[in-house]
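A.B. asks: Please read through the structure below; I'll follow up with questions.
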Amino acid sequence: CYRPTDKSTVLEKRRAHFGGNLSLTYSDPVMLVRGWKHHLFDEWGRPYLDAYNNVPHVGHAHPRIQAVAADQLRRMNSNTRYLHPAQTAFADKVLSKLPDHFEVCFFVNSGTEANELALRLARAHTGAKGMVTPDHGYHGNTTGAIDLSAYKFNKPGGVGQADWVELVEVADDYRGSFRRDDPDRAQKFADLVDPAIATLNSKGHGIAGFIAETFPSVGGQIIPPKGYLPAVYEKIRAAGGVCIADEVQTGLGRLGEYYFGFEHQGALPDIVVMGKPIGNGHPLGVLVTTKAIAESFDNGIEFFSTFGGSTLSCRIGKEVLDIVDDEGLQENASARGAELISGLRALERKYACVGDVRGMGLFLGLELIHADGSEATEICSYVKNRMRDHRILIGSEGPKDNILKIRPPLTIEAEDVEMLVSVLDEVLAEINPAE
Ligand code: PMP
């Protein structure tokens, strides 16, 4: 029902009526009108391999999601001021995936809102204001969440760093201050939190908490060395703060071996934030926390979100988590992720411009570099756009935008992995002939 000629009209209207900082991926943008599992189709019906979108966690256009959404919309859709078994069923399902100390769920509409709420909870529980967070992080688009997102506030044109925020170096052991040949790097990165705590205390803000993407994504698909988060959490708790794990990108089985990233670290956060994939495209954010923190927040002022925890959202959220279990998608992430990593490692050996291959399950990054080891931003942009010419969608990330980001729906199959690796091989050969 879309005419192929619509694409230029859409582009024109978008330029005329949308904000200029609403960005489009790829120099030749794609218009996508249908999806199925990890495939997308453009206005001509041409298929694309979606190796980038983490939101359609259980695949685009999943029939079970269509069915529960349609069923619930036929019945009613209302808010948390009325009882409905879908709300408690969703909470039970979320909590069943987490350690027992998490007992309370808050439902909102996005990862941003969940992080904004996490900030309020941390402040209500501690009575303090100061927050520590790794550099280059991203936690959302509202005023409070931007203040916690160095990736945004530190950019030219950004609002700058709030005085209640202290940044610590991201625990990147490929490019950061402590490298993989240093067995104490986790502790050394964690020790950087000490001066941040001291600064916030000296300014009189105290320590409300620490927030981090468990595996920094916009920072460049980084897997911090094991033991980093527990060491940080210990320091934050000793200073009176709460520890917030932003699992928007890493949660719900994407990592294969772990349902949540904090499990890899052996860390136990006080607040866990989920978003994006948990609604499979329906706007949904979830925050879980301990009874004690929820009680501090329950201070007489009602918490209410009109759409957060709606009947429809709860039915969809529970269905997504059920599908991950029923279709063995965490196991698939593990198996396909292992195949991808081994294919990408072969490319790392073949091409000098591939400096590092890192990740876990279907959360992967390929750091592209020049001969002197510096960040190859333009090569990364070239590769991403050439992959798009081959109708394979991947993205790019990192402070210098030189890390190819591969993060497909969890439904991806072995033959798609093979195709991705062989096309990437061809594209890399265009810029960096094999040695
Ligand atoms: N946290 C992380 C780690 C994210 O990647 C994002 C979105 N990219 C958010 C929070 C914000 O989520 P949303 O855009 O759904 O509000």
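Read the figures in this text as sums done on the coordinates, not as results from a lab. Keep in mind it's a predicted model, so treat the numbers as computed, not measured. Virtual Cβ from ideal backbone geometry, glycine too; neighbours counted across all protein chains shown.
A.B. asks: Give a quick list of chymotrypsin sites (Phe, Trp or Tyr not before Pro) in the range 1-62 that DSSP marks as loop, anything other than H, G, I, E or B, with at most 15 other Cβ atoms within 10 Å. Walk me through the numbers on the way to the answer.
C.D. replies: Numbers: sites: Y2, F18, Y26, W36, F41, W44, Y48, Y52; in loops: Y2, F18, Y26, W44, Y52.
Answer in residue order: Y2, F18, Y26, W44.
A.B. asks: Neighbour counts of other C-beta atoms within 10 Å: give me E116, E430 arranged from fewest to most. Working shown, then result.
C.D. replies: Working: E116 23, E430 10.
By the 10 Å Cβ count, ascending, the order reads E430, E116.
A.B. asks: I want to verify a result. In a Gaussian network model of the chain, Cα cutoff 10 Å, which of these has the top mean-square fluctuation: V417, V159, V354?
C.D. replies: V159
A.B. asks: For the range 63-326, what is the percent of antiparallel DSSP beta bridges, rounded to the nearest 5? Present the calculation step by step, with values, prior to reporting the outcome.
C.D. replies: Working: 9 of 25 bridges.
Of all bridge pairs located within the range 63-326, approximately 35 percent are antiparallel.
A.B. asks: Now, a different point. Pairs of Cα atoms under 8 Å, at least six residues apart: use those to get the relative contact order of the chain, whole percent.
C.D. replies: On the way: 893 pairs, mean separation 92.4, N = 435.
Once normalised by length, the contact order is 21 percent.
A.B. asks: Place the peptides 167-176, 269-278, 200-209 in order of packing, highest mean first, counting for every residue the other Cβ atoms within 10 Å and averaging per peptide.
C.D. replies: Details: 167-176: 20.7, 269-278: 27.5, 200-209: 18.8.
Ranking the peptides 167-176, 269-278, 200-209 by packing returns 269-278, 167-176, 200-209.
A.B. asks: Name the residue, out of S177, S381, S310, whose mean-square fluctuation peaks in a Gaussian network model built on the chain with Cα pairs under 10 Å.
C.D. replies: S177
A.B. asks: Starting with the fewest neighbours, write out R120, R315, R179 ranked by other beta-carbon atoms found within 10 Å of each beta-carbon.
C.D. replies: On the way: R120 15, R315 24, R179 12.
Exposure proxy ranking, most exposed first: R179, R120, R315.
A.B. asks: Still on this structure, I have one more. With θ set to phi - 60°, apply the Karplus curve 6.51 cos²θ - 1.76 cosθ + 1.60 along the range 20-27 and write out the HN-Hα couplings as whole Hz, x wherever there is a Gly or Pro.
C.D. replies: Once θ is set to phi - 60°, the couplings for the range 20-27 become x, 8, 8, 8, 10, 7, 6, 5 Hz.
A.B. asks: Which FRET efficiency, nearest 0.05, do R15 and E430 yield, Cβ-Cβ r, R0 35 Å?
C.D. replies: Values: r = 31 Å, r/R0 = 0.87.
After rounding to 0.05, the efficiency reads 0.70.
A.B. asks: Okay, next question. Run through the range 337-420 and list the chymotrypsin sites (Phe, Trp or Tyr not before Pro) located in a DSSP loop whose Cβ has at most 16 other Cβ atoms within 10 Å. Please report the intermediate quantities before stating the final value.
C.D. replies: Details: sites: Y351, F363, Y382; in loops: Y351.
Passing both the DSSP loop test and the Cβ count: no residue.
A.B. asks: Order these peptides, 181-187, 234-240, by their mean beta-carbon neighbour count within 10 angstrom, highest first.
C.D. replies: Details: 181-187: 14.1, 234-240: 17.6.
Put in order of decreasing packing, that is 234-240, 181-187.
A.B. asks: Order these peptides, 246-254, 76-84, by their mean beta-carbon neighbour count within 10 angstrom, highest first. Before the final figure, lay out each step's value.
C.D. replies: On the way: 246-254: 28.0, 76-84: 13.1.
Averaged packing, sorted descending, gives the order 246-254, 76-84.
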